[in-house]
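Colleague: I'd like to ask you about the structure that follows.
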Amino acid sequence: MSDTGITVKKSEDFSEWYTQTVLKSELADYAPVKGCMIFREHSYAIWEKIQEIFNKKIKETGHRNVYFPLFIPESFLKREAKHFEGFVPEVAWVTMGGDSPLEERLAIRPTSETIMYDTYAKWIRSWRDLPIKLNQWCSVVRWETKATKLFLRTREFLWQEGHTAHATKEEADKEVMEILNAYKDVIESYLAIPVLTGVKTEMEKFAGALYTTALEAMMPDGKALQMGTSHQLGQHFSKVFGIKFLDQNEKEQYVWQTSWGFTTRMIGAMAMVHGDDKGLVLPPKVAPIQVVIVPIPYKGTEAETILAKAKEIRDKLAAKDVVVTLDDRQEYTPGWKFNEWELKGVPIRIEIGPRDLKQNQVTLARRDTLQKTTAKEDEVVETVLKLLEDIQNSLFSKAKKALEESITSVETYEEFKKVLEQKGGFLRGSWCGNTPCEEKIKDETGATIRIVPFEKEKPFSKCVHCGEEAKEVVYFARSY
């Protein structure tokens, strides 16, 4: 297994460890197109689980899924100057259709605000047409020039983007928070990754938004990763695109809008946060395979009995909706199989050998701690269900502790720079609230304000950079 196993330690060369883990666990591969990636079966199955979980949440609150075109006319993008300016450096353009030059360049979807809102202006006439609550699952293209990092930085990635229109600001504000809380639940309760939530600064908010809310996670190398955003767009886009309605008093009003999204980068985050020197460690709730059964055969009739027992246990677990697979491949040794399933991060491995057979038991190995226990045959289902829950909770607790330990309160700029270089993580600091100050910190250190927490914290020093009176406490970090 040495040629297929991870050859570096997570603590020694994080970047190389991550790349090896993603490639060797068969989550993904590099594509023949520079800057792009292939989502392999293992990662796409995780994405399908995430889709299933999130679809259920948004459909319960009256959202519906749609699909808009991949191509966006240049004139649409140009209708909102700030928005256009924000995306132009990353847009991929189509200029030819077959052999004929196009009359107007088409952008390959960097995001869908413009094409969707042009249509909303046609669909919305009266207060009776509101709210519109649509979401689409699709891919977007942003022509990144930085180095490709599987799941985290690629030219094409998968995401969902929600776009809603409401009669009042209050309804739109409520929508922003409802979605942010739904994201938090998906990320924390299913992916087992704890996050900090809050508002982005003016400098960091989405171009054209009234305000942006976000979820930020901390990776083991001390860099933050934005896990999702939910934007209150105000009436900015509705005025640009003429999205108006007659209210109940027959007065013309502009709609209030929100947009929100998360991407496949959360799969990369999950690999980084939970993985170890043997490879992936997947939270049971999103693992494509939750349990693998490996029979340990012996010569003679015992092999048949062991296999029959393995199939019986598989069927019992499947009947309880456990996603289980039986690895009865003859061409590989049990040891080779153990390594392979550990690399792929399967939460529980069940081993059945001659000794287990004699004692009417099975051996269980949990992926997160690598501990082995035994369970009586008639208690296997109950034990597995309890163990899956325990692994899920345990992964979150461990990650939560790591997140808490990554936060350092800093009072001076010297301290700020020292902690950033030596440890990284979130730097909790007092800030004057001025954008020039924020820009200088970014230029000098590469750290940005990741969030201004919803619950205002009292400044505990002067501004960490300029020494002026501080207005609020914010969380800085370098990020992916």
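Colleague: With the structure loaded, tell me whether PHE76 is under 23 Å from the mean Cα position of the chain (by Cα), outside any strand (DSSP E or B) and under 19 Å from GLY261 (Cβ atoms) or whether it fails that test.
Modeller: no
Colleague: Still on this structure: In the stretch 422-435, which residue that is in contact (Cβ under 8 Å) with a residue 12 or more places away in the chain and outside any loop (DSSP other than H, G, I, E, B) is nearest to the chain's Cα centre (by Cα)? Let's see the steps before the verdict.
Modeller: Going through the stretch 422-435, the residues in contact (Cβ under 8 Å) with a residue 12 or more places away in the chain turn out to be 423-435.
From what is left, the residues that are outside any loop (DSSP other than H, G, I, E, B) are 426-431, 435.
Working: PHE426: 19, LEU427: 22, ARG428: 23, GLY429: 26, SER430: 29, TRP431: 29, THR435: 28 Å.
Residue satisfying both the conditions and the ranking: PHE426.
Colleague: I've got another one for you. For the stretch 413-437, what are the residues that are closer than 20 Å to MET218 by Cβ and either in contact with a Leu (Cβ under 6 Å, 6 or more places away or on another chain) or surrounded by 16 or more Cβ atoms within 10 Å (Cβ to Cβ) (or both)?
Modeller: Residues of the stretch 413-437 closer than 20 Å to MET218 by Cβ: 415-429, 431.
GLU415, PHE416, LYS417, VAL419, LEU420, GLY424, GLY425, PHE426, LEU427, ARG428, GLY429, TRP431 - these are the residues of the stretch 413-437 that are closer than 20 Å to MET218 by Cβ and either in contact with a Leu (Cβ under 6 Å, 6 or more places away or on another chain) or surrounded by 16 or more Cβ atoms within 10 Å (Cβ to Cβ) (or both).
Colleague: Test each condition in (1) more than 25 Å from THR213 (Cα to Cα); (2) more than 24 Å from the chain's Cα centre (by Cα); (3) surrounded by 14 or more Cβ atoms within 10 Å (Cβ to Cβ) for ASP390 and report the one that comes out false.
Modeller: (2)
Colleague: Being on the phi < 0 side of the Ramachandran plot and either assigned to a strand (DSSP E or B) or among the basic types (Lys, Arg) (or both) is the filter here; which residues of the stretch 229-252 pass it?
Modeller: Matches in the stretch 229-252: THR229, SER230, HIS231, GLN232, LEU233, LYS239, LYS244, PHE245, LEU246, LYS251, GLU252.
Colleague: Could you list, in sequence order, the residues of the stretch 26-49 that are within 18 Å of PRO283 (Cα to Cα) and either hydroxyl-bearing (Ser, Thr, Tyr) or not assigned by TED's automatic domain parsing to the domain that holds ALA92 (or both)?
Modeller: Listed by number, the residues that qualify are SER43, TYR44.
Colleague: Exactly one of these conditions fails for LYS200: (1) surrounded by fewer than 21 Cβ atoms within 10 Å (Cβ to Cβ); (2) of a type in the set (Lys, Arg); (3) over 24 Å from GLY62 (Cα atoms). Give me its number.
Modeller: Just one mismatch for LYS200, condition (1).
Colleague: Follow-up question, since we're still on this one. Out of all the residues in the stretch 263-279, which are part of a strand (DSSP E or B) and either more than 24 Å from the chain's Cα centre (by Cα) or surrounded by 23 or more Cβ atoms within 10 Å (Cβ to Cβ) (or both)? Steps first, please.
Modeller: If we filter the stretch 263-279 for residues that are part of a strand (DSSP E or B), which is where we start, we get 263, 276, 279.
The one that is part of a strand (DSSP E or B) and either more than 24 Å from the chain's Cα centre (by Cα) or surrounded by 23 or more Cβ atoms within 10 Å (Cβ to Cβ) (or both): GLY279.
Colleague: Hey, another quick one. Specify which of the listed residues (GLY279, GLY268, GLY261) is modelled with pLDDT of 95 or more, in contact with a Lys or Arg (Cβ under 8 Å, 6 or more places away or on another chain), in the same structural domain as ARG125 (by TED's automatic domain parsing) and within 30 Å of ILE50 (Cα to Cα). Quick ask: steps written out before the conclusion?
Modeller: Values: GLY279 fails: in the same structural domain as ARG125 (by TED's automatic domain parsing); GLY261 fails: in contact with a Lys or Arg (Cβ under 8 Å, 6 or more places away or on another chain).
Every option except GLY268 fails the conditions.
Colleague: Now, a different point. Condition test on VAL240, is it in contact (Cβ under 8 Å) with a residue 12 or more places away in the chain and surrounded by fewer than 23 Cβ atoms within 10 Å (Cβ to Cβ)? Steps first, please.
Modeller: Details: in contact (Cβ under 8 Å) with a residue 12 or more places away in the chain: yes; surrounded by fewer than 23 Cβ atoms within 10 Å (Cβ to Cβ): yes.
Yes, satisfied.
Colleague: Looking only at the stretch 21-31, which residues are outside any helix (DSSP H, G or I), surrounded by 18 or more Cβ atoms within 10 Å (Cβ to Cβ) and touching a strand residue (DSSP E or B) at 6+ places or on another chain (Cβ under 6 Å)?
Modeller: Answer for the stretch 21-31, where residues must be outside any helix (DSSP H, G or I), surrounded by 18 or more Cβ atoms within 10 Å (Cβ to Cβ) and touching a strand residue (DSSP E or B) at 6+ places or on another chain (Cβ under 6 Å): SER25, ALA28.
Colleague: To continue, here is another question. Can you pull out the residues in the stretch 398-421 that are under 27 Å from the mean Cα position of the chain (by Cα) and within 20 Å of LYS442 (Cα to Cα)? Steps first, answer last, please.
Modeller: Step one: filter the stretch 398-421 for residues under 27 Å from the mean Cα position of the chain (by Cα), giving 398-409, 419-421.
Of everything in the stretch 398-421, those that are under 27 Å from the mean Cα position of the chain (by Cα) and within 20 Å of LYS442 (Cα to Cα) turn out to be SER406, ILE407, THR408, SER409, VAL419, LEU420, GLU421.
Colleague: Can you go through LYS34, LYS57, LYS49 and tell me which one is of a type in the set (D, E, K, R) and in a loop (DSSP other than H, G, I, E, B)?
Modeller: LYS34
Colleague: Being assigned to a loop (DSSP other than H, G, I, E, B) and under 22 Å from the mean Cα position of the chain (by Cα) is the filter here, so list the residues in the stretch 114-144 that pass it.
Modeller: Hits for the stretch 114-144 are ARG142, TRP143, GLU144.
Colleague: If the requirement is being under 30 Å from the mean Cα position of the chain (by Cα) and surrounded by 14 or more Cβ atoms within 10 Å (Cβ to Cβ), which of these qualifies: THR61, THR111?
Modeller: Values: THR61 fails: surrounded by 14 or more Cβ atoms within 10 Å (Cβ to Cβ).
Checking each option against the conditions leaves just THR111.
Colleague: Test ILE179 against the criterion of being outside any helix (DSSP H, G or I) and in the same structural domain as PHE54 (by TED's automatic domain parsing), and give yes or no.
Modeller: Details: outside any helix (DSSP H, G or I): no; in the same structural domain as PHE54 (by TED's automatic domain parsing): yes.
No; evaluated as a whole, the condition is false for this residue.
The values are calculated or read from the model by the stated rules, or taken from the named source; none is laboratory data. Being a predicted model, the structure only gives us computed values, none of them experimental. Virtual Cβ from ideal backbone geometry, glycine too; neighbours counted across all protein chains shown.
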